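Some notes on the structure that comes next.
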Amino acid sequence: MWIVQSFVEVLFYFIVDVIGYTVARLILPVVSFGRIRVAAYNCDEGEFGWLGGRRDGFGRLELGAGVASGTGLVICALYLAAVLWFVG
């Protein structure tokens, strides 16, 4: 049973960390016209505020990896909902 649990855990982390982070890293700068960007994945989360963001030297909002992953998953869910709305 631990094999199935480990597989589900790895799949969950793949979806959240890889897909969510990548979607946020690609979509957020485009949608915000460069005013929001995503920090590098290995950046220290302690450097960000309690909402997961900080300002960089140019005044842009920079999101941490955890917040960006969640934001990317929300973007994916909204895209899926829109596709299902127009298809169905």
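The values are calculated or read from the model by the stated rules, or taken from the named source; none is laboratory data. Predicted model only: the values in this text are computed from it and were never measured. Cβ coordinates were reconstructed from backbone atoms using ideal geometry, including for glycine residues, and neighbour counts include every protein chain displayed. Only protein heavy atoms, including side chains, enter the accessible area calculation; ligands, DNA and RNA are left aside. Shrake-Rupley method; radii C 1.70, N 1.55, O 1.52, S 1.80 Å.
In the range 1-18, the residues that are closer than 20 Å to Gly66 by Cβ and of a type in the set (A, V, I, L, M) reach residues that are open to solvent by less than 80 Å² (accessible area, probe 1.4 Å) and at pLDDT 90 or above with C-beta atoms within less than 8 angstrom, at least six apart or across chains, in these pairs: Ile15/Leu73; Val16/Ser69; Val16/Gly70; Val16/Leu73.
For the range 38-55, the set of residues classified as touching a helix residue (DSSP H, G or I) at 6+ places or on another chain (Cβ under 6 Å), open to solvent by less than 90 Å² (accessible area, probe 1.4 Å) and within 16 Å of Val23 (Cα to Cα) consists of Val38 only. Of all residues in the range 10-20, none are farther than 19 Å from Tyr79 by Cβ, out of contact with any Gly (no Cβ under 8 Å at 6 or more places or on another chain), outside any helix (DSSP H, G or I) and open to solvent by 80 Å² or more (accessible area, probe 1.4 Å). Among the residues of the range 57-88, the one identified as in contact with a strand residue (DSSP E or B) (Cβ under 9 Å, 6 or more places away or on another chain) and open to solvent by 70 Å² or more (accessible area, probe 1.4 Å) is Arg60.
Every listed requirement among (1) surrounded by fewer than 17 Cβ atoms within 10 Å (Cβ to Cβ); (2) within 19 Å of Tyr13 (Cα to Cα); (3) in contact with a strand residue (DSSP E or B) (Cβ under 7 Å, 6 or more places away or on another chain) is met by Arg35 save one, (2).
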